[in-house]
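The values are calculated or read from the model by the stated rules, or taken from the named source; none is laboratory data. Computed from a prediction, not measured in an experiment: that's the story for all the values here. Every residue, glycine among them, receives a Cβ derived from its backbone with ideal geometry; neighbour counts consider all protein chains shown. Just the protein is used for accessible areas: all its heavy atoms, side chains included, with ligands, DNA and RNA removed. Shrake-Rupley method; radii C 1.70, N 1.55, O 1.52, S 1.80 Å.
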Amino acid sequence: MVETRSGAGASLGDDGGGEQVIHGVTSKLAKLGLTAKEKTILVLEDEKEDGGAPVKFAVMGKVLSTKKIHIQTIDSALRPQWGNPRGLTFTAKGDNVFLASMDFERDRKRIWEGAPWTVSKHAFVLDDFDESMKPSEIKFKRLPMWFRCDDLPFNWMNEARGKSIASQVGEFISLDLHGNGSRSGWGQSLRGRVWIDLDEPLMRGFPIESKKRKMVEWYPIKYERLPYFCFSCGRVGHSEFFCPTPAERDEEGKFPYDASLRYQDPWKQESQWHQARARDDTKMHYHGREGGPTRQRLLSTSATAMAFVAIHARLAVFPPRLSASAAASSLRSGSPGSRFPPLRTSTGNSRRSLRYGRRPCRDAGITASLELDLTEDNVRQAIVDAKAELAQLFDTSVGMTGEVDLAELDGPFVKLRLKGKFWHTRATVVARIGNYLKNRIPEILEVEIEDESQLDDSPAAY
């Protein structure tokens, strides 16, 4: 229901001294010289539903990134992470602020319990949805995180002392008492869930004084699924390249914070090692000195073809004996060479099939052996590794002189410099190198060329 109120005490700045104060803005509005119509208050009866569509279960979210994120990117990143809940829709509500609505409360609860979520390594901060609030009133000030603290004394691995330790890290939520500790038992590490204040730097650890051990010791902590954070100030939401309060580096040129705050699952590390080993074995299998299945198949095909040619030549020189009637028929049919049908080999078809997809591509499905952090030295090293991995792009044996170098690193954005002659188009080279860098260093968002003129493939650009 909608109505307007006018008359004494019903408008802003009336003559009867009944001026209404609305959120402390009356003095500001008075300076604007409002007209009588502008002073009329509009009253909305929004306590009850007006028969419109029912409000779905929803959460508000914001991507902590200095770059504007498109809603399609949000949908593509979070829909599979959330298990594609029924009725999930995303609606933009501001700069990197989105409303996610779904059909069931259990999905909304599961999304909250699974936080933190990330979009391209950037934190997606959740907040409760209240339809009576304005988007600007939602602050997105905290983030739920799981942390781990290793090498604690055995008698500290229980609920009572664990809660005290977790409260030192952030606002306490819960403890994992089943997988990493129990009420009266021991676990491998203390695992707790706390609210992290996004306006405060991440805690790297804390000193604990033990009366029984009679000493004060430092215990570092690590965070699970830690999003992009600043190595300079330690806050989640930006990198050291965009830090408003940059810190000084130490004598070794390092920032106060580093990637050691991220918890790495030992099983995942072992899996990455096995993937790297399998990739190296596959590379040697197909490109090693011994020769892989591709080379063996080519050699086998070539040997078979040569055998058929030799038999064909021998038959032409020493034809088999024929009966009189067969010989007469053969002579009447044409030249002596026509007595034997031309032999067909599979060499051409084999090479054609190998050319169009059967031969394993050396750089197909590039997977990073070990993920690297985003630093200038790591980007340069990844470019060196890419040149070795994508050797066909830089084959100097056929007169190619192309070179790729790092031109600029601006936060998560990488710019490359090209020079020389490439076998492939320069746009292809940038795309292939960019794909490798993003796989090797997931924090990289975009890989671009330093100057558009460097994409020119004409000889004048060499």
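Structure summary
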| item | result |
| --- | --- |
| The stretch 439-451 residues that are touching a residue at least 24 places away in the same chain (Cβ under 8 Å) and under 17 Å from residue 66 (Cβ atoms), paired with ones that are open to solvent by 20 Å² or more (accessible area, probe 1.4 Å) and in a loop (DSSP other than H, G, I, E, B) (beta carbon under 8 Å, 6 or more apart) | 443/121; 443/373; 445/67; 445/120 |
| Selection within the stretch 108-137 - within 15 Å of residue 94 (Cα to Cα) and either open to solvent by 20 Å² or more (accessible area, probe 1.4 Å) or in a loop (DSSP other than H, G, I, E, B) (or both) | 127, 129, 133, 134, 135, 136, 137 |
| Matching option when the condition is polar (S, T, N, Q) and within 30 Å of residue 411 (Cα to Cα), among 189, 136, 174 | 136 |
| Qualifying residue in the stretch 108-127 (condition: closer than 23 Å to residue 222 by Cα and without any contact (Cβ under 8 Å) to a residue 12 or more places away in the chain) | yes |
| Unmet requirement for residue 392, which otherwise passes all of (1) on the phi > 0 side of the Ramachandran plot; (2) modelled with pLDDT under 85 | (1) |
| Residue list for the stretch 412-440, filter: touching an Asp or Glu at 6+ places or on another chain (Cβ under 7 Å) and in a loop (DSSP other than H, G, I, E, B) | 412, 420, 423, 425 |
| Residue pairs meeting the criteria (Cβ under 6 Å; at least 6 apart or on separate chains; first part of a loop (DSSP other than H, G, I, E, B), in the stretch 155-178; second buried (at least 16 other Cβ atoms within 10 Å of the Cβ) and not small (Gly, Ala, Ser)) | 170/194; 170/196; 176/191 |
| Qualifying residue in the stretch 441-453 (condition: of a type outside the set (Gly, Ala, Ser), open to solvent by less than 60 Å² (accessible area, probe 1.4 Å) and over 19 Å from the mean Cα position of the chain (by Cα)) | yes |
| Residue list for the stretch 90-107, restricted to those being in contact (Cβ under 8 Å) with a residue 24 or more places away in the chain and not in a loop (DSSP other than H, G, I, E, B) | 93, 94, 97, 98, 99, 100, 101, 102, 105, 107 |
| Answer residue from the stretch 170-218, given it is among the aromatic types (Phe, Trp, Tyr) and touching a helix residue (DSSP H, G or I) at 6+ places or on another chain (Cβ under 7 Å) and is modelled with the highest pLDDT among those | 172 |
| Residue within the stretch 394-406 that is farther than 24 Å from residue 253 by Cα, in contact with a Gly (Cβ under 7 Å, 6 or more places away or on another chain), open to solvent by 40 Å² or more (accessible area, probe 1.4 Å) and not polar (S, T, N, Q) present | yes |
| Scan of the stretch 144-154 for residues that are open to solvent by 60 Å² or more (accessible area, probe 1.4 Å), outside any helix (DSSP H, G or I) and at negative phi, ordered by number | 150 |
| Number of the condition not met by residue 383 [criteria: (1) at pLDDT 90 or above; (2) in contact with a Lys or Arg (Cβ under 9 Å, 6 or more places away or on another chain)] | (2) |
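This table checks each residue for (1) basic (Lys, Arg); (2) under 26 Å from residue 259 (Cβ atoms); (3) open to solvent by 80 Å² or more (accessible area, probe 1.4 Å); (4) under 27 Å from the mean Cα position of the chain (by Cα).
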position	(1), (2), (3), (4)
142	yes, yes, yes, yes
196	no, yes, no, yes
199	no, yes, no, yes
212	yes, no, yes, no
219	no, yes, no, no
227	no, yes, no, yes
233	no, yes, no, yes
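Listed here are the residues, each with its yes/no results for (1) of a type in the set (S, T, N, Q); (2) touching a helix residue (DSSP H, G or I) at 6+ places or on another chain (Cβ under 8 Å); (3) at pLDDT below 90.
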position: 12; (1), (2), (3): no, yes, yes
position: 28; (1), (2), (3): no, no, yes
position: 43; (1), (2), (3): no, no, yes
position: 72; (1), (2), (3): yes, no, yes
position: 100; (1), (2), (3): no, yes, no
